[in-house]
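Have a look at the structure below, then the notes.
The values are calculated or read from the model by the stated rules, or taken from the named source; none is laboratory data. Source: prediction; values computed, not measured. Here the Cβ positions follow ideal geometry from the backbone for every residue, glycine too, while neighbour counts run over all protein chains shown. These accessible areas exclude ligands, DNA and RNA; they are computed on the full protein's heavy atoms, side chains included. Shrake-Rupley method; radii C 1.70, N 1.55, O 1.52, S 1.80 Å.
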Amino acid sequence: MFKAFARRAVLAAAVSAVAFGTMAFQSNDGEDRRVVIINATGVTMTHFYASNSGRNDWEEDILGQDVLPSGDRVRINIDDGSGACIYDFKARFSDGDELIRYRINVCEISEYRYTAG
């Protein structure tokens, strides 16, 4: 149990550090853009993207080589340095489904849950 917890903690820290180049959790404007992504779909999440809503393309896959099994969660610092609070999320799953959610205010939420159905 501890090993699984430690792996998730390391994954969360690595995702934040690698994807956004910093371990700082508040930006210069004082906003906390950390969001816990919860996978409650019953299917493994294989990819996760968070892109500033003002952009026309998706950033890189934040999960990288990792996956987010159903029932697990990961904390991600969704601060791209632009000062934006509004992001679009895209999640891909092992069954081929893809869920896109637009205009998520990461400055106002602390978690985002993907559910089945």
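Considering only the stretch 75-90, I want to know if a residue exists there that is among the basic types (Lys, Arg) and in contact (Cβ under 8 Å) with a residue 60 or more places away in the chain.
Looking through the stretch 75-90, at least one residue is among the basic types (Lys, Arg) and in contact (Cβ under 8 Å) with a residue 60 or more places away in the chain.
I need the strands (runs of 3 or more DSSP E) fully contained in the stretch 55-112, keeping only those with at least 2 residues that are more than 18 Å from residue 31 (Cβ to Cβ) and open to solvent by less than 30 Å² (accessible area, probe 1.4 Å).
In the stretch 55-112, 86-93 are the strands (runs of 3 or more DSSP E) which contain 2 or more residues that are more than 18 Å from residue 31 (Cβ to Cβ) and open to solvent by less than 30 Å² (accessible area, probe 1.4 Å).
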